[in-house]
1. First check a/c for the range 87-129, with a ≥ b ≥ c the square roots of the eigenvalues of its C-alpha gyration tensor; if it is under 1.5, answer rounded, and if not, answer prolate when a/b is larger than b/c or oblate otherwise.
2. FRET efficiency for residue 106 and residue 75, Cβ-Cβ distance as r, R0 = 41 Å, nearest 0.05?
3. For the range 18-129, what size does the Cα cloud have along each of its three principal axes, sorted from largest down, in whole Å?
């Protein structure tokens with residue numbers, strides 16, 4: 001049986017939010033609040049930019065298990081699942097795959113429902129290719 005894993009897709013979101021002048025770390029915390037408290041502990045793979053104490057505290061209070069390596073200059077580093085953190089590469093490859101579909105990446109669609117539909121269509125295309 002595979003474990004459920006929550007993946008914090010911050011690569012694309014942070015670049016998009018920075019272009020609008022928002023601080024990406026605050027928006028990432030807001031995404032956690034939107035997801036809400038989990039019934040069972042779920043590993044949360046995060047970028048190193050989210051390794052600060054406050055973000056990790058929010059994730060833990062929402063019953064997530066933050067999987068993020070500490071920065072090298074931390075006085076009290078913590079342990080994390082290194083094998084699970086390596087799966088973050090799958091997220092980066094997913095965004096690279098999506099970049100190949102110009103309509104999705106530049107977001108020509110005004111409605112979120114249409115954008116999600118085109119993302120699903122692109123994933124079906126990739127699956128049968």
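We did not get these values from a lab; they are worked out from the coordinates using the rules stated. No experiment lies behind these values; they were computed from the predicted model shown. Note: ideal-geometry Cβ built from the backbone for every residue, glycine included; neighbour counts use all protein chains shown.
1. Working: a/c = 2.01, a/b = 1.49, b/c = 1.35.
Prolate is the answer for the range 87-129, as a/c is 1.5 or above and a/b outweighs b/c.
2. Values: r = 43 Å, r/R0 = 1.05.
Calculated value: 0.40.
3. For the range 18-129, the Cα extents along the three principal axes come out at 45, 32, 30 Å.
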